[in-house]
Amino acid sequence: MERPTPDRPYTVLSCAVSIDGFIGGVDSSLVLSNEADFDRVDAVRAACDAILVGAATVRIDNPRLVVRSQARRDERAARGLAMSPMKVTVTRHAELDPRADFFTAGDAERLVYCATAHVVDARTRLGSVATVVDAGDTVAMRTLTADLAARGVQRLLVEGGGVVHTQFLTADLADELQMAVAPVFVGDSAAPRFVRDGRFPWNPGRRAPLVDVRKIGDVVLLRYALSSRFEEA
Ligand SMILES: NC(=O)c1ccc[n+]([C@@H]2O[C@H](COP(=O)([O-])OP(=O)(O)OC[C@H]3O[C@@H](n4cnc5c(N)ncnc54)[C@H](OP(=O)(O)O)[C@@H]3O)[C@@H](O)[C@H]2O)c1
């Protein structure tokens, strides 16, 4: 019997945090991981159909979000896929620079989910470099992921930042979490944390299953199974 098509992609949340729980500097990007861990993340990216980041991450980190390894790019091409996964961002205000690496690096498809109030601005600014999707008055991650599934995305990697991670977790839309803990302190409470305030399905009364702990040089990778769909690979 054929398995039913899931109504949302298998979703992996990925982040690097400092020992004191921060994911960046105050309004600035921060390199937390090491080369070996970046390579691990590259492999995770190569195995996905789409990578999602929040608009603040596009503005602050200016990430390229492309598969770096030529071998992995070739392997994707051999499978008939684009060299890198589709890039996805979400915004209310659409204040994004079309020259940002998110829009210019690589040749993967780019989607911008935008709240209705700023869709016209978004299409004017970004229409030549991305597909702007009117995501309704408030962009709900459940609706967004259902739309991605309808576009053929079966595996989604969410690379932050904290505002986005919070919504995936509180809406119970994450299947696993991969958290790399870097041996540094940020030491400034104004810096962004992995998550903001919220009601999380994982709490002192319901602990998230830890499925793997791996030392990668000076970084520790923690892997948590967050749904019954968790895949061991
Ligand atoms: N260490 C890591 O692994 C890692 C990874 C990624 C990012 N970071 C860091 O994280 C920081 C940024 O994270 P952040 O938590 O401040 O922001 P974020 O999650 O990257 O982006 C937040 C922005 O995304 C848009 N957005 C999010 N949810 C939305 C919704 N439901 N509807 C409409 N728009 C929505 C809004 O954009 P608009 O303002 O455009 O409306 C919002 O301001 C940076 O310092 C970056 O360096 C670290």
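The values are calculated or read from the model by the stated rules, or taken from the named source; none is laboratory data. Computed from a predicted structure; not experimentally measured. Please note: Cβ atoms are built from the backbone with ideal geometry, for glycine as well, and neighbour counts cover all protein chains shown. Heads up: the accessible areas ignore ligands, DNA and RNA and are worked out on the full protein's heavy atoms, side chains in. Shrake-Rupley method; radii C 1.70, N 1.55, O 1.52, S 1.80 Å.
Which residue is nearest to ARG155 (Cα to Cα), if the candidates are limited to the range 77-87 and must be crowded, with 18+ Cβ neighbours inside 10 Å and in contact with a helix residue (DSSP H, G or I) (Cβ under 8 Å, 6 or more places away or on another chain)? Step through it out loud before you land on a result.
Within the range 77-87, the subset crowded, with 18+ Cβ neighbours inside 10 Å is 84-87.
Filter once more, so that each one left must be in contact with a helix residue (DSSP H, G or I) (Cβ under 8 Å, 6 or more places away or on another chain): 84-85, 87.
Details: SER84: 13, PRO85: 10, LYS87: 12 Å.
Applying the filter and picking the extreme gives PRO85.
Taking the stated definitions as given, is ALA146 under 16 Å from ASP49 (Cα atoms), of a type in the set (A, V, I, L, M, F, W, C) and not in a helix (DSSP H, G or I)? First the steps, then the outcome.
Working: under 16 Å from ASP49 (Cα atoms): yes; of a type in the set (A, V, I, L, M, F, W, C): yes; not in a helix (DSSP H, G or I): no.
Taking the combined requirement at face value, the residue does not satisfy it.
Scan ASP74, ASP61 and give me the residue that is open to solvent by 20 Å² or more (accessible area, probe 1.4 Å) and within 16 Å of the chain's Cα centre (by Cα). I'd like the intermediate steps shown before the answer.
On the way: ASP74 fails: within 16 Å of the chain's Cα centre (by Cα).
Every option except ASP61 fails the conditions.
A quick yes/no check of all residues on (1) within 21 Å of the chain's Cα centre (by Cα); (2) free of Cβ contacts under 8 Å to residues at least 12 places away in the same chain; (3) open to solvent by 60 Å² or more (accessible area, probe 1.4 Å):
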site: ASP172; (1), (2), (3): yes, no, yes
site: PRO183; (1), (2), (3): no, no, yes
site: GLY217; (1), (2), (3): no, no, no
site: ARG229; (1), (2), (3): yes, no, yes
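Cβ-Cβ below 8 Å, separation at least six or inter-chain, first residue in the range 187-204 and more than 15 Å from GLY161 (Cα to Cα) and more than 12 Å from the ligand (Cβ to nearest atom), second assigned to a loop (DSSP other than H, G, I, E, B) and open to solvent by less than 60 Å² (accessible area, probe 1.4 Å): which pairs?
Going by the 8 Å Cβ cut-off, the qualifying pairs are GLY187/ASP20; PRO201/LEU226; TRP202/ALA208; TRP202/LEU226.
Can you find even one residue in the range 32-55 that is over 17 Å from the mean Cα position of the chain (by Cα), closer than 23 Å to ARG99 by Cβ, within 8 Å of the ligand (Cβ to nearest atom) and not aromatic (Phe, Trp, Tyr)?
Within the range 32-55, not a single residue is over 17 Å from the mean Cα position of the chain (by Cα), closer than 23 Å to ARG99 by Cβ, within 8 Å of the ligand (Cβ to nearest atom) and not aromatic (Phe, Trp, Tyr).
Return the residue satisfying two criteria in turn: it lies in the range 149-168 and is away from the ligand (no atom under 14 Å from the Cβ) and buried (at least 19 other Cβ atoms within 10 Å of the Cβ), and of such residues it is farthest from the chain's Cα centre (by Cα).
So the first thing to find is which residues in the range 149-168 are away from the ligand (no atom under 14 Å from the Cβ), and the list is 149-156.
This time we only want the ones that are buried (at least 19 other Cβ atoms within 10 Å of the Cβ), so: 153, 156.
On the way: VAL153: 13, LEU156: 8 Å.
Restricting to residues being away from the ligand (no atom under 14 Å from the Cβ) and buried (at least 19 other Cβ atoms within 10 Å of the Cβ), the top hit is VAL153.
Take the conditions among the charged types (D, E, K, R), open to solvent by 60 Å² or more (accessible area, probe 1.4 Å) and at negative phi and apply them to ARG99. Does it pass?
Yes.
Among (1) out of contact with any helix residue (DSSP H, G or I) (no Cβ under 7 Å at 6 or more places or on another chain); (2) more than 21 Å from VAL163 (Cα to Cα); (3) more than 16 Å from the ligand (Cβ to nearest atom), which single condition is TYR10 missing?
Every listed condition holds for TYR10 apart from (2).
Consider ALA135 carefully, then state whether it is over 23 Å from TYR10 (Cβ atoms) and buried (at least 16 other Cβ atoms within 10 Å of the Cβ).
So ALA135 does not fit the description; no.
Restricting to the range 1-53, and then to whatever is among the charged types (D, E, K, R) and surrounded by fewer than 14 Cβ atoms within 10 Å (Cβ to Cβ), can you tell me which residue is nearest to ALA190 (Cα to Cα)?
The qualifying residue nearest to ALA190 (Cα to Cα) is ASP27.
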